[in-house]
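Here's the structure we're looking at; comments come further down.
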Amino acid sequence: MLDNKMNMFDIVLLIVGIGASVLGFQLIKQVYVTEGGIPSWLMIIAIFDWLTLLVMFILLSLVVDTSKKELDELKTLIYLLEKKKK
């Protein structure tokens with residue numbers, strides 16, 4: 001009854017998440033090299049923001065996955081109740 005097929009939203013979320021992680025890491029690395037290897041407050045804030053963005057992508061993915069599972073469970077429950085009613 002459960003099918004775990006990836007839809008378009010999952011694919012876009014995966015691509016954007018990978019792109020944000022790679023691009024963010026490269027930009028932070030570039031700033032670190034440009035500043036001569038000395039971390040500044042702006043760099044620490046940028047790293048924190050980048051990690052927060054990655055956590056938000058992970059949470060969004062988990063919420064969407066959980067809602068899909070709940071929807072499948074509700075469909076199964078409705079099917080079983082209709083079957084019992086007949």
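List of remarks:
- For Rg/Rh (Cα atoms, Kirkwood Rh), the value calculated from this model appears in (1) 0.92; (2) 1.30; (3) 1.01 under label (2).
- Among LEU54, LEU74, LEU27, residue whose mean-square fluctuation peaks in a GNM of the chain (springs only between Cα atoms under 10 Å): LEU74
- What the Cβ-Cβ distance of MET43 and GLU73 gives, at R0 = 41 Å and to the nearest 0.05, is a FRET efficiency of 0.35.
- Whichever lysines have a C-alpha closer than 24 Å to that of LYS84, once near sequence neighbours (fewer than 8 apart) are set aside: LYS69, LYS75
- Potential lengthening between LEU62 and LEU27 on full extension [0.36 nm per residue; Cα-Cα distance subtracted]: 9.9 nm
- Projecting the Cα positions of LEU77, GLN30, THR52 onto the charge dipole of region 8-85 (unit charges on Cβ atoms of Lys, Arg, Asp and Glu, taken about the Cα centre) puts LEU77 furthest along the positive direction.
- Karplus-derived 3J(HN,Hα), 6.51/-1.76/1.60, for each residue of region 18-24, Hz, glycine and proline x: 5, x, 5, 5, 5, 5, x
- About the centre of its Cα atoms, the chain shows a dipole size close to 560 debye [charges on the beta carbon of Lys, Arg (+1) and Asp, Glu (-1) only; nearest 20 debye].
We did not get these values from a lab; they are worked out from the coordinates using the rules stated. What you see is a predicted model; the values in this text were computed from it and never measured. Counting neighbours? That spans all protein chains shown, and the Cβs are built from the backbone with ideal geometry, glycine included.
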